[in-house]
Structures are given as C-alpha cells and as structure tokens.
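Have a look at the structure below, then the notes.
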Amino acid sequence: MKYIHSLFYCIAAFTGTAQFKSNLTSLSKIDIGLNGLGFTYEPKLGNYTTMELSAGLGGAYYIAEGTLEYYLNEIGPYFSIQPKFYFNLPKRARKGKSSDLNAGNYIGAMAKFVGAINGYNTYPGFLYNIHWGMQRSIARRWTINTRAGIGYAIDADFLFGTLYPSLDVKFSYVFRKKKI
C-alpha cells in the first residue's frame with residue numbers, strides 16, 4: 001500500500017509541473033533600442049511560448065563576406081519575426097518572482113529583413129540568429145529586453161554572408177495587454 005502512495009505522489013508531483021499555467025499574455029508595444037524605433041505585437045502561443053512580430057525604422061547594414069557594419073546615419077526599415085521559448089517560468093513562480101509583462105528568461109530565434117532608404121553605403125539584407133534573452137518589467141507598462149547570441153547575415157543583392165555576434169537591448173512601452 002505504501003508503494004501505491006509513493007507512486008501516486010510521484011505522479012502528482014510530475015503532472016503538477018507539467019500542467020503549469022503561465023502568466024504569459026499577448027502584448028502590443030512600442031520599442032526603442034539598438035535596432036531603432038518600432039512597433040511589436042507579441043502574441044501568446046502557449047504556456048511557455050510567444051512570438052514577437054516587429055516592424056520599424058532603424059539603422060542600415062553593410063554586409064559583405066566577412067564584414068557586417070551598422071550605420072545609424074542611414075535609415076532603413078526592418079521587419080522581424082522572433083519565436084521565444086520561456087524556460088524558467090515555473091522556477092520564477094516558485095520563488096515568488098513576477099512574470100508580469102512576460103518577464104522571464106527565454107531562448108529564441110530571429111529572422112529579420114532590413115532595407116536601406118538612403119543607402120549610399122548600405123543594401124537590403126537578411127539577418128538570422130539564435131539567442132538567449134531576458135525580458136523584465138521595469139515599471140507598470142515598461143519592459144527591458146536584452147539578448148545575446150550568434151547569427152548569420154546575408155546581403156540581399158549580392159548574396160554575400162557573414163557570421164556575427166547578435167546583441168540587442170530595447171525598452172518597450174506596453175500599451176495593450178491581453179489575457180488569453
């Protein structure tokens with residue numbers, strides 16, 4: 001009989017963590033950071049996943065074989081998609097830490113198109129990266145998001161490419177938060 005109780009408690013403990021209900025929400029926000037100024041919609045996809053869909057204006061890139069340069073004085077539109085898997089939400093909940101505004105640590109991947117409006121030195125390009133990131137709420141409607149990883153950039157015109165370190169910091173004002 002005691003083995004049945006032990007088995008029951010082991011199964012209950014495992015299923016209790018498997019059925020974790022996260023506090024992730026769908027967010028609409030305005031961003032400012034190293035990429036420029038943009039709008040992001042971050043829908044909740046599951047208990048541990050969201051996807052950032054972003055568009056905005058920022059600096060432009062010069063991409064060549066073995067070279068990646070970022071020009072803040074040349075404006076370029078950008079569009080990106082970034083799925084995020086939050087891996088520490090149950091641990092944050094156990095420690096009593098807030099996960100408001102999707103606060104947590106995540107692993108993500110990003111695909112980004114960057115254009116060049118007044119491109120004297122720059123051309124359109126595609127940037128792909130995988131990264132580890134942290135998103136934290138810093139006020140009632142503000143978040144900070146940092147990420148670091150490795151990526152591959154491709155010039156859209158000449159198909160040159162290069163590896164690059166992927167680093168980003170951005171502040172966001174959340175103007176819509178939707179529970180799902």
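Using only side-chain charges placed at the Cβ, +1 for Lys and Arg and -1 for Asp and Glu, the dipole size of the chain relative to its Cα centre rounds to 1640 debye. Size of the stretch 39-95 from its Cα atoms: along the principal axes, largest to smallest, the extents are 46, 25, 19 Å.
Once you have the Kirkwood Rh of the stretch 45-149 from its Cα pairs, apply Stokes-Einstein at 25 °C and 0.890 mPa s and quote D in µm²/s.
Details: Rh = 15.4 Å.
Using the Kirkwood radius from Cα pairs, D works out to 160 µm²/s.
Other residues within the sphere of radius under 12 Å centred on the Cβ of N145, judged by their own Cβ, net out at +1 (K and R +1, D and E -1). Quick check: the angle from helix 2-18's long axis to the longest principal axis of the chain, C-alpha only, nearest 10 degrees? The angle comes out at about 30 degrees. For the chain, the residue among F158, N23, F171 whose Cα projects farthest onto the positive side of the dipole built from Cβ charges is N23.
Over the residues of the chain, the helix contribution to mean residue ellipticity at 222 nm works out to -4000 deg cm²/dmol, using -39500 (n - 2.57) for each DSSP H run of at least 4.
Could you please report the charge total around F39, scoring K, R as +1 and D, E as -1 over all other residues with beta-carbon less than 10 angstrom from its beta-carbon? Working shown, then result.
Details: positive: K29; negative: D31.
Within the 10 Å Cβ shell, the charges total 0.
Express the C-alpha Rg of the chain as a ratio against the empirical globular expectation 2.2 N^0.38 Å, rounded to two decimals.
Values: Rg = 19.8 Å, N = 180, 2.2 N^0.38 = 15.8 Å.
Dividing the Cα Rg of the chain by 2.2 N^0.38 Å gives 1.25.
If you sort R94, R140, R147 by accessible surface, 1.4 Å probe, largest first, the order is R140, R94, R147.
The distance from the alpha carbon centre of the stretch 115-151 to that of the stretch 20-89 is 5 Å, rounded to a whole number.
The values are calculated or read from the model by the stated rules, or taken from the named source; none is laboratory data. What you see is a predicted model; the values in this text were computed from it and never measured. Using ideal geometry, Cβ is built from the backbone for each residue, glycine included, and neighbour counts are taken over all protein chains shown. Note: accessible area is taken over every heavy atom of the protein model, side chains too, but ligands, DNA and RNA are not part of it. Shrake-Rupley method; radii C 1.70, N 1.55, O 1.52, S 1.80 Å.
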